[in-house]
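A short reminder: the numbers here are calculations on the coordinates, not readings from a lab. This structure is a prediction, so every number in the text was calculated from the model and none was measured. Heads up, the Cβs are rebuilt from the backbone with ideal geometry, glycines too, and the neighbour counts pull from every protein chain shown.
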């Protein structure tokens, strides 16, 4: 009899096995390994990449761009949300801009930015542009969602300044901010890699994906894609853990 | 300084709750607002506390502590902190001890004082809210249905505390039943007419 607490892990392994089998069957049926390689070909390509120093160099540079884009987007999202909350004129200016950024196709931004700033900073700016509206909208909603009952308690007992922020606003802000931060980092990975591919950025995973496609090296393309998926999942998990730590620290 | 209300008129839409209501509360003592539901007991407390400013008439401004009917505890603070961190910017050891003692006198164990609002029962939350109001040094103490969730033993304890405090400051409270107040020196303020 298997212990019940192992069920989620067993289910996870079975699910992975199911999807890998389906991939293998499809790849073998199609027999187009330059576009759609088998699982074993992809694994082999990934192992080969792992032995190359240039692979780590590309991963490190892409990682740096994603993180930079995320931090910049996060900072601007927060700044704009606070400005919009505090001033109606600022809100009138910032809110439509954020809505436009959110709705504009990523590729359009990449093409325009590429012409102005060159290929290297494009993934950073794109990452920031994807994260900023997400953080802005969530934080702005949190700032406007006041707990009127506790506001009155603050008024009665003269809880002001930092104490009011810490006990009244911060818990509300974090409950909105933490989930959007976790989804923001995933979004940032996707958008930044797409920007690297289109802008053909030097020393990047995106450029390698582009070259793999150009030279019909399907196994390499899949191997790099899997690398991005793993990195994105790892960072989403890390952000989630960081959020839990902050929540624990703030005792929410 | 007595708390004077002059010609208070307050309405919610078409419904007039107070029309030219005047009353003078003395500086100390216990005043009990009585009246059926919707007569404006809580509204009057809110007006005195300065939380409702949409009225006409005059009222002397005084700082008031308020134990709300809905307890209103901060979810990120435990029972003890809901008193100490809210009442004082940097609570002193003696103030924390006083808060602990008062909570313990209301049947809180040492461990209970560290529980968060989501871990407290309705009655426990009410006791925390009451302790917070009693420990504040505001000149007026407003208690909205303070006996609501308390059992007989705790009601008796609260009565003792009210009696003691009413000798030092003005207490205005609302109550549906006056049974438990029979042993207390109090003035009834009827809002029926």
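May I ask for the Rg/Rh ratio of segment B:92-148, computed from Cα atoms with Rh as the Kirkwood radius, given to two decimals?
Details: Rg = 11.6 Å, Rh = 12.1 Å.
Reported Rg/Rh (Cα atoms, Kirkwood Rh): 0.96.
Restricting to the protein assembly as shown, what percent of DSSP beta bridges are antiparallel, rounded to 5?
Once the DSSP bridges in the protein assembly as shown are tallied, antiparallel ones form about 35 percent.
Tell me what chain A gives for mean residue ellipticity at 222 nm when only DSSP H runs of n ≥ 4 count, each as -39,500 (n - 2.57), the sum divided by the residue total, rounded to 500 deg cm²/dmol.
Rounded to the nearest 500, the figure is -28000 deg cm²/dmol.
Quick check: pseudo-label points 7 Å beyond the Cα along Cα→Cβ at residue A:24 and residue B:152, how many nm apart are they?
7.5
Give me the distance in nm between label points sitting 7 Å out from Cα along the Cα-to-Cβ direction at residue A:11 and residue A:163, one decimal.
Modelled inter-label distance: 4.7 nm.
Determine which residues of segment B:55-72 fall in the zone a paramagnetic label at residue B:176 would reach in this model, i.e. backbone nitrogen under 15 Å from the point 7 Å along Cα→Cβ.
Flagged as within label range: B:69-70.
Can you grab the distance from the C-alpha centre of segment A:227-247 to the C-alpha centre of segment A:5-44, Å, no decimals?
Between the Cα centre of segment A:227-247 and that of segment A:5-44, the gap is 24 Å.
So how far apart, in nm, are the two label points at residue A:112 and residue B:119 if each is 7 Å from Cα heading toward Cβ?
5.2
Taking Rh as the Kirkwood radius computed over C-alpha pairs, what is the Stokes-Einstein D of chain A at 10 °C in a medium of viscosity 1.306 mPa s, expressed in µm² per second? Don't jump to the answer; show the numbers that get you there.
Numbers: Rh = 20.9 Å.
Stokes-Einstein gives a translational diffusion coefficient of 76 µm²/s.
For the protein assembly as shown, rounded, prolate or oblate, judged on the Cα gyration tensor with a ≥ b ≥ c (square roots of eigenvalues), a/c < 1.5 rounded, else prolate if a/b > b/c?
Because a/c hits 1.5 or more and a/b exceeds b/c, the protein assembly as shown counts as prolate.
For the modelled label position 7 Å from the Cα of residue A:54 along Cα-to-Cβ, which residues of segment A:207-229 have backbone nitrogen atoms closer than 19 Å?
Residues passing the 19 Å test: A:207-228.
Report, as an integer, the average count of C-beta atoms from other chains found within 10 Å of each Cβ along A:162-174.
2
Add -39500 (n - 2.57) for each DSSP H run of 4 or more in chain B, then divide by its residues: what number comes out at 222 nm, to the nearest 500 deg cm²/dmol?
Value at 222 nm, helices only: -9000 deg cm²/dmol.
Test of understanding: ordering A:124, B:162 by Cβ neighbours within 10 Å, fewest first, what list do you get?
Fewest to most other Cβ atoms nearby, the residues stand as B:162, A:124.
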